[in-house]
């Protein structure tokens, strides 16, 4: 009986070690957070714009290939990704929409004044409902939306030059084709 009690922790350790070995060697990229939203229409939204008193809506985005970037002034990785977004914004054919997630207009205004504004429009999602509808885990997150309003790709975390060059730009180029 005593030998059996000594074997239980060893057996538990072997089971856990086996599970982690399989998980680590599965070929899945651990930095990609799965989403059920891929291949589905983007959630409908009609949010107040940061400036001008207007609205930013999902309906207005249809017919264009769009990057929807969820960000916040309190998010350090968002600040790190801002220079890359500024470079992407120089492409007149690429529309980047910013959705300020659970933040206030004065803080967003200051962030954009300090670091530059890469967004064609900025929507205020103060309550976070639109982020929840998109399945946002945390900011920054960027979604590639095709002309029909379908979510084609999700980038979790800050964009980096390698992701932009090897994944994002080729996908955008493909989606722009008539």
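Selection of first residues in the range 104-123 that are farther than 14 Å from residue 52 by Cα and of second residues that are at pLDDT 95 or above and surrounded by fewer than 16 Cβ atoms within 10 Å (Cβ to Cβ), restricted to Cβ pairs under 6 Å at least 6 apart or on distinct chains, gives the following pairs, ordered by first then second residue: 116/86; 118/86. Would you check if there is a residue in the range 135-157 being closer than 24 Å to residue 54 by Cα, touching a strand residue (DSSP E or B) at 6+ places or on another chain (Cβ under 8 Å) and assigned to a helix (DSSP H, G or I)? Looking for residues that are closer than 24 Å to residue 54 by Cα, touching a strand residue (DSSP E or B) at 6+ places or on another chain (Cβ under 8 Å) and assigned to a helix (DSSP H, G or I), one finds none in the range 135-157, hence no. Restricted to the range 47-126, the set of strands (runs of 3 or more DSSP E) holding at least 3 residues that are in contact with a helix residue (DSSP H, G or I) (Cβ under 8 Å, 6 or more places away or on another chain) comprises 66-71, 95-101, 121-125. Residues that are out of contact with any helix residue (DSSP H, G or I) (no Cβ under 6 Å at 6 or more places or on another chain) and part of a loop (DSSP other than H, G, I, E, B) were ranked within the range 158-178; the one that is farthest from residue 83 (Cα to Cα) is 178.
Looking at the structure I just gave you, is residue 8 part of a helix (DSSP H, G or I), modelled with pLDDT of 75 or more and farther than 30 Å from residue 113 by Cα? No.
Across the range 102-136, the number of residues qualifying as within 14 Å of the chain's Cα centre (by Cα) and exposed (fewer than 13 other Cβ atoms within 10 Å of the Cβ) comes to 1. State yes or no: is residue 93 surrounded by fewer than 19 Cβ atoms within 10 Å (Cβ to Cβ), under 23 Å from residue 59 (Cα atoms) and either out of contact with any strand residue (DSSP E or B) (no Cβ under 6 Å at 6 or more places or on another chain) or modelled with pLDDT of 95 or more (or both)? So residue 93 fits the description; yes.
Pairs linking a residue in the range 151-178 that is at negative phi to a residue that is in a helix (DSSP H, G or I) and surrounded by 13 or more Cβ atoms within 10 Å (Cβ to Cβ), with Cβ atoms under 6 Å and 6 or more positions apart or on different chains, are 153/171; 158/77; 158/80; 158/81; 159/81; 159/84.
The values are calculated or read from the model by the stated rules, or taken from the named source; none is laboratory data. A quick note: this is a predicted structure, and the numbers were derived from the prediction, not measured. Every residue, glycine as well, gets a Cβ built from its backbone with ideal geometry; the counts of neighbours run over all protein chains shown.
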